[in-house]
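Here is the structure we will look at.
Laboratory data are not the source of any read-out in this text; all were calculated from the coordinates shown. These numbers come from a predicted model, not from an experiment. No Cβ is skipped: glycine too gets one built from the backbone with ideal geometry, and neighbour counts run over all protein chains shown.
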Amino acid sequence: MSSELLVISTRHGGIPELIQDGINGYLFDKGKTDQIANRIIHLIDNDYLRATFSINGRPSIEQTTGKAE
């Protein structure tokens, strides 16, 4: 996220504290391969959303850590 790459992850541990589903990435339930597949397809088909997630990711890290790594 600090490198402005989009992220897709499971809802596990502290991950949901960084990733806001639909804002700076996608979260899916552990073991729900259909969810991740659908979200990947959605991102492949949506240039604007990929760019938005990438741009929104870095400030999320900066706010959490106080700086970008």
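Structural remarks
- Mean residue ellipticity (222 nm) of the chain, computed from DSSP H runs ≥ 4 via -39,500 (n - 2.57), nearest 500: -15500 deg cm²/dmol
- Relative to the dominant Cα principal axis of the chain, helix 33-44 is inclined by about 70°.
- Close amide H pairs (under 5 Å, H built 1.01 Å from N) link ILE8 with TYR26, residues at least 5 positions away or on another chain.
- Net dipole in debye of the chain [+1 Lys, Arg Cβ; -1 Asp, Glu Cβ; about Cα centre; nearest 20]: 120
- Between helix 47-65 and the chain: long-axis angle, C-alpha atoms, 0 to 90°, nearest 10: 40
- Here the relative contact order of the chain, from alpha carbon pairs under 8 Å that lie six or more residues apart, stands at 43 percent.
- Sorting 8-14, 56-62, 42-48 by their mean Cβ neighbour count within 10 Å, with the most densely packed peptide first, gives 56-62, 8-14, 42-48.
- Kirkwood hydrodynamic radius over Cα pairs of the chain, then Stokes diffusion coefficient at 10 °C and 1.306 mPa s, in µm²/s: 130
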